[in-house]
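Have a look at the structure below, then the notes.
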Amino acid sequence: MALRVLFIGGTGIISSACAALAVERGVDLTVLNRGSGRRGVPEGVRALTADVRDPVALREALGGEEFDVVVDFIAFTPDHVRADVETFAGRTGQYVFVSSASAYQKPVGHLPITESTPLRNPFWAYSRDKIACEELLTRAYREDGFPAVVVRPSHTYDRTLVPLDDGWTAIDRMRRGKAVVVPGDGTSLWVLTHHTDFAKGFVPLLGEPAVTGEAVHITGDEVLTWDGIARRLATAAGVAEPRLVHVPSDVIAREAPDRGPGLLGDKAHSVVFDNTKLKRLVPGFAATIPFAAGAREIVDHHDAHPELKVVDPEVEARLDRLVERFG
């Protein structure tokens with residue numbers, strides 16, 4: 001019989017690729033969300049519409065159904081996870097919580113990062129909430145046998161996402177010959193993972209007994225500098241020599257308080273991931289899409305959809321100030 005799987009979410013960058021591959025591999029997939037996702041769901045997926053934060057609506061949508069695996073892509077706080085444990089205890093053979101590699105110790109004590117790297121992030125509340133979720137699930141597994149699995153993605157992208165904090169504004173500036181800002185000195189190390197590569201590591205874990213009670217991260221093996229990421233995007237945009245201005249991360253964080261926690265709590269720190277555990281659990285796993293190809297996909301998609309090529313005037317003004325100061 002096909003594996004019966006429920007995705008809570010299912011239309012995001014990561015979950016959309018996982019849904020497509022799951023269906024391709026014969027999974028009997030149900031997706032539960034509010035029905036507002038812009039990516040939709042693949043043909044062959046059963047869609048349930050409900051707000052997962054509304055217990056009454058959730059119970060009505062699920063009825064008495066049981067699943068081999070439940071995956072929550074949109075749980076961000078301990079309250080979210082606590083509600084999942086209450087809802088799915090005794091109704092699923094495995095519960096997969098999608099956490100975040102940003103939960104790993106910042107600054108990182110040593111590289112490469114493994115699943116045993118300590119979890120501590122004093123800079124970013126998002127990461128601390130993910131850590132608290134993991135701790136709740138660890139207790140539920142140890143004390144009550146709740147079949148929890150923790151998966152930690154790092155920076156995962158698709159064609160809709162420009163993986164620079166300044167988004168399409170940065171690409172547009174490159175094309176206009178204007179300078180763009182790169183955090184730090186541009187040489188810190190970063191890992192980007194195409195969402196279809198993530199799915200190739202994720203889908204085979206579903207229902208795998210060896211991973212229950214475990215945590216595993218899923219990332220690519222390609223390691224880039226932030227200058228290298230910017231230059232690959234420039235090349236994809238037809239810009240041979242982009243103007244890159246290096247600005248200390250703490251200065252950027254002060255100029256853009258909404259982006260500061262994610263920068264100081266994640267992107268400002270070099271990361272290299274050891275994927276040995278994933279490759280042991282999923283023999284033959286390999287991330288095959290280098291970012292040079294991913295960058296072309298991003299730029300081509302935006303060029304084909306002009307409505308996505310949004311230049312933010314506030315971002316533009318901030319970049320002009322920083323370039324004038326540090327350029």
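The values are calculated or read from the model by the stated rules, or taken from the named source; none is laboratory data. Predicted model, so just to flag it, every value in this text is computed and none were measured. Every residue, glycine among them, receives a Cβ derived from its backbone with ideal geometry; neighbour counts consider all protein chains shown. To get the accessible areas, we keep the full protein, side chains included, count just its heavy atoms, and leave off ligands, DNA and RNA. Shrake-Rupley method; radii C 1.70, N 1.55, O 1.52, S 1.80 Å.
For K309, the lysines whose Cα comes closer than 21 Å to its Cα, not counting residues fewer than 8 places off in the same chain, are K178. Within the straight-line cut-off of under 20 Å between alpha carbons, the aspartates and glutamates reachable from K267 are E115, D129, D158, D165, D166, D185, D221, E222, D227, D250, E255, D258, sequence neighbours fewer than 8 places apart in one chain being disregarded. Evaluating kT/(6 pi eta Rh) at 20 °C and 1.002 mPa s, with the Kirkwood radius of segment 199-310 over Cα pairs in the Stokes-Einstein relation, gives 125 µm² s⁻¹.
Relative contact order of the chain: 18 percent, from C-alpha pairs under 8 Å at least 6 residues apart in sequence. Rg and Dmax of the chain, both derived from C-alpha coordinates alone, stand at 20.3, 63 Å.
Largest accessible area first, the residues D300, D51 order themselves as D300, D51 under a 1.4 Å probe with ligands, DNA and RNA left out. Only one residue of V5, A47, V182 has its Cα farthest out toward the positive end of the dipole of the chain, where Lys and Arg carry +1 and Asp and Glu -1 on Cβ, and that residue is V182. In a simple Cβ point-charge model (Lys, Arg +1; Asp, Glu -1; nothing else charged), segment 169-281 has a dipole of about 400 debye relative to its Cα centre.
Packing-wise, with mean Cβ within 10 Å as the measure, how do 111-118, 56-63, 229-236 rank, highest first?
Averaged packing, sorted descending, gives the order 229-236, 111-118, 56-63.
When only the Cβ of Lys, Arg, Asp and Glu is charged (+1, +1, -1, -1), the dipole of the chain relative to its Cα centre reaches about 500 debye. Checking the a/c ratio against 1.5 first, then a/b against b/c, what shape does the Cα gyration tensor give for segment 1-65? It comes out oblate by the Cα gyration axes. Could you work out how far helix 291-304 tilts from the main Cα principal axis of the chain, as a 0 to 90 degree angle to the nearest 10? That works out to roughly 80 degrees. Axis of helix 125-144 versus longest Cα principal axis of the chain: the two differ by about 20°, to the nearest ten degrees. Axis of helix 313-326 versus longest Cα principal axis of the chain: the two differ by about 50°, to the nearest ten degrees. Here segment 134-231 carries DSSP beta bridges of which approximately 20% are antiparallel, counting only pairs with both residues inside.
Under a model in which nothing but the beta-carbon of Lys, Arg (+1) and Asp, Glu (-1) is charged, segment 97-157 shows a dipole of about 200 debye around its Cα centre.
In summary, the convex hull built on the alpha carbon positions of segment 145-217 has an orientation-averaged projected area of 7.0 nm². What does the charge add up to near K309, with Lys and Arg as +1, Asp and Glu as -1, over the other residues with Cβ less than 9 Å from its Cβ? Local charge sum for K309: -3.
For segment 1-132, the Kirkwood estimate of the hydrodynamic radius, built from every pair of different alpha carbons, is 16.0 Å.
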